[in-house]
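Just below is one structure, and these are the notes that go with it.
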Amino acid sequence: MQADMNIGMLGHVDHGKTTLTQALTGKWTDTHSEELKRGISIRLGYADAHIYYDKEKDHYSVNPKEGKLLRKVSLVDAPGHETLMTTVIAATSILNGVLFLIAANEPCPQPQTTEHLLVLNSTGIKNIIIVQTKIDLVSREKAIENHNQIKEFLKGTVAENAPIIPVAANNNLNIDALLRKIQEVMKPAEPDEKAKLRLYVSRSFDVNRPGADIQKIKGGVVGGSIVQGVLKLGDEIVIKPGIARKERPEPIVTKVTALREEEDELKAAKPGGLIAIGTNIDPSLTKSDYLVGSIIGKKGEVPDPVENIKVKYSLLKRAGEQTIALNENEPIVINIHTSTGVGVINKLAKGVATIRLKRPTVVFPDMHVAISKRIGQRWKLAAWGQVQK
């Protein structure tokens with residue numbers, strides 16, 4: 001069974017995203033060495049949650065002994081630390097819904113709680129559940145006070161009417177209620193299997209160990225999510241931009257030699273869930289996420305990467321802060337689907353920014369874009385918009 005949708009885990013640093021992911025999937029997603037050292041998530045962590053349902057007891061669980069397998073969803077654990085917001089923004093391009101975590105033992109909102117809500121408002125994700133975490137660390141009165149703070153914080157936003165589910169992930173408290181709400185709120189869209197294949201690459205890696213026998217070396221692996229169309233074993237695909245060249249990028253044409261979702265081998269994959277694609281690409285070209293930000297499609301159906309794009313944008317307005325303006329000829333960080341890169345604003349006119357990208361990127365009209373500019377010693381989310389034709 002393939003996961004039928006991607007659900008993001010957003011929220012302030014240390015509000016329990018990785019712990020809740022573990023409670024729902026049994027997998028600890030902080031596996032990157034720097035993440036373990038610093039105790040925060042840097043790269044996106046992926047894990048599949050299997051939802052089981054016992055009809056007689058009307059009970060939801062992640063335990064296969066407690067019901068029949070109902071569905072599978074992919075959880076995307078995004079970093080909450082303020083300096084890593086660009087990773088979060090890139091993640092929203094592959095998300096169908098969000099679990100927005102807010103801890104009960106701290107006043108709401110915290111800085112990244114506000115930042116993540118800005119991301120949700122800008123990208124238009126509407127399948128949202130608020131998870132009030134760490135309720136085991138506060139009194140009943142404090143939990144109610146925090147609940148009221150959350151309701152006030154969400155007023156006038158895309159999450160204003162989102163349900164709020166209190167949990168204590170370390171003790172698996174109220175996980176069943178959260179699963180029930182996921183089943184009620186997170187409805188997968190009916191896929192259009194006749195649509196042209198489009199897959200956003202969010203990971204790429206080399207599965208071969210050092211010193212492996214050259215006759216047994218496997219081709220590079222790319223991972224990501226299909227947003228439309230169907231991908232089948234044996235299909236010929238093109239990856240763009242592909243290999244970076246001084247003149248212009250060189251697309252990669254390859255065949256699908258394997259399709260996998262965690263432990264499950266697939267013959268075909270459709271929108272929903274995060275999949276790994278085995279290829280016959282030289283594995284040196286997929287090492288260390290080299291192909292992240294690429295788009296996969298069928299040959300002849302993926303547009304060429306472009307250096308210049310036009311974005312109809314809106315400036316982000318933060319309560320109590322001066323709005324950050326964009327200026328011509330200033331460098332920016334721009335996020336389009338899973339691509340994060342540097343650009344320069346060439347022109348601003350009537351709410352449209354003409355941006356020159358340092359690295360050519362594949363874009364489609366109406367794609368969501370996030371723009372960050374340098375404020376002091378860090379990049380700060382300043383505007384969002386959509387690609388214009």
Quick one: in segment 335-360, which of the residues that are without any contact (Cβ under 8 Å) to a residue 40 or more places away in the chain and not in a strand (DSSP E or B) is farthest from S294 (Cα to Cα)? K350
Members of segment 299-317 that are outside any strand (DSSP E or B) and exposed (fewer than 15 other Cβ atoms within 10 Å of the Cβ): K299, G300, E301, P303, D304, K317
Please specify each residue of segment 207-221 satisfying the condition of being in a loop (DSSP other than H, G, I, E, B), over 15 Å from S288 (Cβ atoms) and among the aliphatic types (A, V, I, L, M). A212, I217
So K358 clears everything in (1) surrounded by 13 or more Cβ atoms within 10 Å (Cβ to Cβ); (2) closer than 25 Å to P303 by Cβ except one condition, right? Which one? (1)
The lone condition L291 fails out of (1) more than 30 Å from K194 (Cβ to Cβ); (2) touching a helix residue (DSSP H, G or I) at 6+ places or on another chain (Cβ under 8 Å) is (1)
Over segment 178-215, the set of residues out of contact with any Ser or Thr (no Cβ under 7 Å at 6 or more places or on another chain) and under 19 Å from E301 (Cα atoms) is P191, D192, E193, K194, A195, K196, L197, R198
Take the residues of segment 249-278 that are β-branched (V, I, T) and not in a strand (DSSP E or B): which is surrounded by the fewest Cβ atoms within 10 Å (Cβ to Cβ)? T257
Which condition breaks for K246 when tested against (1) in the same structural domain as G97 (by TED's automatic domain parsing); (2) part of a loop (DSSP other than H, G, I, E, B)? (1)
Within segment 257-274, residues out of contact with any Ser or Thr (no Cβ under 9 Å at 6 or more places or on another chain) and polar (S, T, N, Q) come out as none
Determine which member of the set I296, I332, I281 is surrounded by 17 or more Cβ atoms within 10 Å (Cβ to Cβ), of a type outside the set (F, W, Y) and part of a loop (DSSP other than H, G, I, E, B). I281
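Is it fair to say V363 is part of a loop (DSSP other than H, G, I, E, B), surrounded by 18 or more Cβ atoms within 10 Å (Cβ to Cβ) and at pLDDT 90 or above? Give the steps one after another, and end with the answer.
Working: part of a loop (DSSP other than H, G, I, E, B): yes; surrounded by 18 or more Cβ atoms within 10 Å (Cβ to Cβ): yes; at pLDDT 90 or above: yes.
Judged against the criteria, V363 is a match.
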Given the options I237, I296, I214, I281, name the one that is closer than 30 Å to T25 by Cα and out of contact with any helix residue (DSSP H, G or I) (no Cβ under 8 Å at 6 or more places or on another chain). I296
For segment 130-140, give me the residue count where each residue is assigned to a strand (DSSP E or B) and without any contact (Cβ under 8 Å) to a residue 60 or more places away in the chain. 2
If you scan segment 89-129, which residues turn out to be more than 24 Å from T338 (Cβ to Cβ) and in a loop (DSSP other than H, G, I, E, B)? A104, N105, E106, P107, C108, P109, Q110
May I ask you to verify whether Q110 is within 26 Å of S61 (Cβ to Cβ), crowded, with 17+ Cβ neighbours inside 10 Å and of a type in the set (S, T, N, Q)? no
Could you please let me know if A143 is touching a helix residue (DSSP H, G or I) at 6+ places or on another chain (Cβ under 8 Å), in a helix (DSSP H, G or I) and at pLDDT 95 or above? yes
Step by step: first the residues of segment 188-224, then only those that are of a type in the set (K, R) and touching a residue at least 60 places away in the same chain (Cβ under 8 Å), then the one that is farthest from N6 (Cα to Cα). Which residue is that? K218
Counting only residues that are modelled with pLDDT of 90 or more, assigned to a loop (DSSP other than H, G, I, E, B) and either over 20 Å from the mean Cα position of the chain (by Cα) or assigned by TED's automatic domain parsing to the domain that holds P241 (or both), segment 158-185 contains a total of 5
Restrict the check to segment 325-337 and report whether at least one residue is touching a strand residue (DSSP E or B) at 6+ places or on another chain (Cβ under 6 Å), small (G, A, S) and over 23 Å from V201 (Cα atoms). no
Applying the selection to segment 303-325, what residues are free of Cβ contacts under 8 Å to residues at least 40 places away in the same chain and either among the basic types (K, R) or under 17 Å from P365 (Cβ atoms) (or both)? K317
Hey, among the residues in segment 350-369 that are hydrophobic (A, V, I, L, M, F, W, C) and over 23 Å from the mean Cα position of the chain (by Cα), which one's nearest to K240 (Cα to Cα)? I355
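The values are calculated or read from the model by the stated rules, or taken from the named source; none is laboratory data. What you are looking at is a predicted structure, and each value in this text was computed from that prediction instead of being measured. A quick note on method: Cβ atoms are made from the backbone with ideal geometry, for glycine too, and the neighbour counts reach across all protein chains shown.
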